[in-house]
Amino acid sequence: MGETDKRDNLSRAWAAMRATERWMLRAYFGLMRAIPEALAVALVRRRARARPGEENAERAPERVARGMAARPEGRVVWLHSIGPGDSTANLTLARALLAEDASLTCLVTTRVAAAQKTFAKLAEESDGRLIVMLAPLDFHRATRRFLDHWRFDLAIYGEGDMWPNALCGLVEADVPIALVNGQFNGRLGRLVGRRPGLGRWAMAHFDLLHVFRRECVEEAERWIRPGCEVVHHPNLKMDAPAPGVDETLLGEMRARWGDAPVFACGSVADNEIETLIDAWGRARREVPGLKLILVPRWKEQGEEIAAIARARDLTVPRRSVQGLPGAQDDFFLADSYGEMGTWFELGYGVFMGHTLFGGIGHNPYEAIARQRPILSGSITPLLPADYTYLTDIGLCRITPDAESIAQGMIDYHQAMRDGEDRFAPFRAAQGFSHDLARRLLALMEDRPG
């Protein structure tokens, strides 16, 4: 389906909107023309002082598409995400795109300033082929300046964060548009479901939609235009590289603990410690010799967590003090940075911390990438769709108290002894990001290089 057909579908989607939805969109376009850019920059700098993780005062001009890097020669793909969560997916896709086309440059934008750290290593390794900047706000002039400067050959949105001026500008420039990691039972569904007519108009801009839940393939038909390709692949975060393992450290730990079963708890909060110790004590009745590794969310929590454990009459060797536990130690506090992959590799399962008692959660895919099944205290508010997805495919179990955590530790150990391989489908699917990258790059075939 060509651009003419796409524009015809957009016109029909516009006409099918309710009058109130069209009025809202017209009002939005008017407002985005009227707000002075200088005021926007000042507000961004003010917000940066209050929320430094979300904004960067020094880079505030990027929010109005000022101070941009020079556009490189050749084709440029734009990947956009909101925060660290969907940036992990876009990082995986950016790696695949750069590997599939050696002449390609990727520009990555994020809505949240802290999410840019996700791309730092790849940007450093890419020899200038990955450029990172803060996403411009959807002001009419700023968006047009952004699009005119970069002259994209393809635009890719991660999960959502679709903005009207950017979508319209991309269509006017005949740039193919894709949305990846879409989930109609999550962020995307909430976004389009609030105003269905407006949602269908927004979705009519897309030429390719990637969904990672099979039921979303059928659901997509309610929202996309004819001619939009729907691709079903796993969540892109499932294809991310596993966190590194220090083989020397791993060997030293195994020399000390032998083949004793080990359960790791990653990124734990202080208020979870007693529950986790209780769970471990219960599980040890069924899993003799079970050893526990607690990895604090922050290294500075070490002494406070150690005090809680000592109050339970536990000997508490700490990574930051003793270095490593002895053969006789059954409990280890790994208060260090950069070694999470090693602790996950050592365990047969992982409890994801900051998920009990209203915790907001932590990225579960680090453990999944090391092929370790996880326990979580809840479906967390930070990453609800991710934890639901992993639970549905049997790689996560929700365990809200000590008793259920203990049972999870026991069941995962028994599954390991029985040779149960719940990660076989995961391994079979790995590398799918390259297939998705090829299908995305095919959208550019009719565009001049």
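Cβ-Cβ contacts under 7 Å between residues 6 or more apart (or on different chains), taken from a first residue in the range 236-253 that is closer than 24 Å to Gly326 by Cα to a second residue that is surrounded by fewer than 17 Cβ atoms within 10 Å (Cβ to Cβ), are listed as Glu252/Leu324; Met253/Leu324. Within the range 306-324, the set of residues being more than 25 Å from Leu249 (Cα to Cα), touching an Asp or Glu at 6+ places or on another chain (Cβ under 8 Å) and assigned to a loop (DSSP other than H, G, I, E, B) comprises Arg312 only. Among the candidates Arg145, Arg71, Arg63, the residue that is surrounded by fewer than 17 Cβ atoms within 10 Å (Cβ to Cβ), touching a residue at least 60 places away in the same chain (Cβ under 8 Å) and either assigned to a loop (DSSP other than H, G, I, E, B) or not β-branched (Val, Ile, Thr) (or both) is uniquely Arg71.
Looking only at residues that are among the aliphatic types (A, V, I, L, M) and open to solvent by 40 Å² or more (accessible area, probe 1.4 Å) in the range 88-113, which one is farthest from the chain's Cα centre (by Cα)?
By that ranking, first place goes to Ala102.
Among the conditions (1) open to solvent by 20 Å² or more (accessible area, probe 1.4 Å); (2) modelled with pLDDT of 95 or more, the only one that Phe263 does not satisfy is (1). Flag set for Gly85, criterion: buried (at least 19 other Cβ atoms within 10 Å of the Cβ), at pLDDT below 95 and not in a strand (DSSP E or B). Considered as a group, the residues in the range 365-388 that are among the β-branched types (Val, Ile, Thr) and more than 19 Å from Gly338 (Cα to Cα) include one that is most open to solvent (accessible area, probe 1.4 Å), and that residue is Ile379. Here Pro243 meets the list (1) under 23 Å from the mean Cα position of the chain (by Cα); (2) surrounded by fewer than 16 Cβ atoms within 10 Å (Cβ to Cβ); (3) assigned to a loop (DSSP other than H, G, I, E, B) almost entirely, failing just condition (2). A residue that is under 21 Å from Asp270 (Cα atoms) and assigned to a loop (DSSP other than H, G, I, E, B) cannot be found anywhere in the range 280-295.
When Ala283, Ala307, Ala311, Ala327 are screened for being among the aliphatic types (A, V, I, L, M) and open to solvent by less than 20 Å² (accessible area, probe 1.4 Å), only Ala283 passes.
Number of residues in the range 350-364 that are closer than 13 Å to Leu395 by Cα and open to solvent by 10 Å² or more (accessible area, probe 1.4 Å) equals 0.
For Gly347, the criteria (1) small (Gly, Ala, Ser); (2) under 20 Å from Val262 (Cα atoms); (3) surrounded by 17 or more Cβ atoms within 10 Å (Cβ to Cβ); (4) free of Cβ contacts under 8 Å to residues at least 60 places away in the same chain hold in every case but one, which is (4). Which ones in the range 331-361 are of a type in the set (Asp, Glu) and within 17 Å of Arg318 (Cα to Cα)? Scanning the range 331-361 gives Asp335, Glu339.
So is Gly227 touching a Gly at 6+ places or on another chain (Cβ under 9 Å) and not polar (S, T, N, Q) or not?
Details: touching a Gly at 6+ places or on another chain (Cβ under 9 Å): yes; not polar (S, T, N, Q): yes.
Answer is yes for this residue.
If only residues of the range 423-449 that are assigned to a loop (DSSP other than H, G, I, E, B) and hydrophobic (A, V, I, L, M, F, W, C) are counted, the one that is surrounded by the fewest Cβ atoms within 10 Å (Cβ to Cβ) is Phe423. Among the residues making up the range 133-142, a single one is within 21 Å of the chain's Cα centre (by Cα) and surrounded by fewer than 20 Cβ atoms within 10 Å (Cβ to Cβ): Met133.
The residues of the range 118-132 that are basic (Lys, Arg) and either touching a residue at least 12 places away in the same chain (Cβ under 8 Å) or open to solvent by less than 10 Å² (accessible area, probe 1.4 Å) (or both) amount to a single one, Arg129. Selection of first residues in the range 419-442 that are closer than 26 Å to Leu208 by Cβ and of second residues that are of a type in the set (Val, Ile, Thr) and open to solvent by 40 Å² or more (accessible area, probe 1.4 Å), restricted to Cβ pairs under 8 Å at least 6 apart or on distinct chains, gives the following pairs, ordered by first then second residue: Pro425/Ile393.
Summed over the range 88-124, residues that are outside any helix (DSSP H, G or I), β-branched (Val, Ile, Thr) and farther than 19 Å from Asp138 by Cα total 1.
Counting only helices (runs of 4 or more DSSP H) that sit wholly inside the range 1-60, those with at least 3 residues that are among the aliphatic types (A, V, I, L, M), more than 27 Å from the chain's Cα centre (by Cα) and under 26 Å from Pro226 (Cβ atoms) are 3-16, 19-34.
In the range 389-422, of all residues being in a helix (DSSP H, G or I) and among the hydroxyl-bearing types (Ser, Thr, Tyr), the one that is most open to solvent (accessible area, probe 1.4 Å) corresponds to Thr391.
Checking the condition surrounded by fewer than 14 Cβ atoms within 10 Å (Cβ to Cβ), in contact (Cβ under 8 Å) with a residue 40 or more places away in the chain and out of contact with any Phe, Trp or Tyr (no Cβ under 7 Å at 6 or more places or on another chain), which residue from Pro288, Pro226 passes?
The unique qualifying residue is Pro226.
The values are calculated or read from the model by the stated rules, or taken from the named source; none is laboratory data. Since the model is a prediction, treat every value here as computed from it, not as a measurement. Note that each Cβ is placed from the backbone with ideal geometry, even for glycine, and that neighbours are counted across all protein chains shown. Accessible surface is based on the protein model in full, side chains and every heavy atom, while ligands, DNA and RNA are left aside. Shrake-Rupley method; radii C 1.70, N 1.55, O 1.52, S 1.80 Å.
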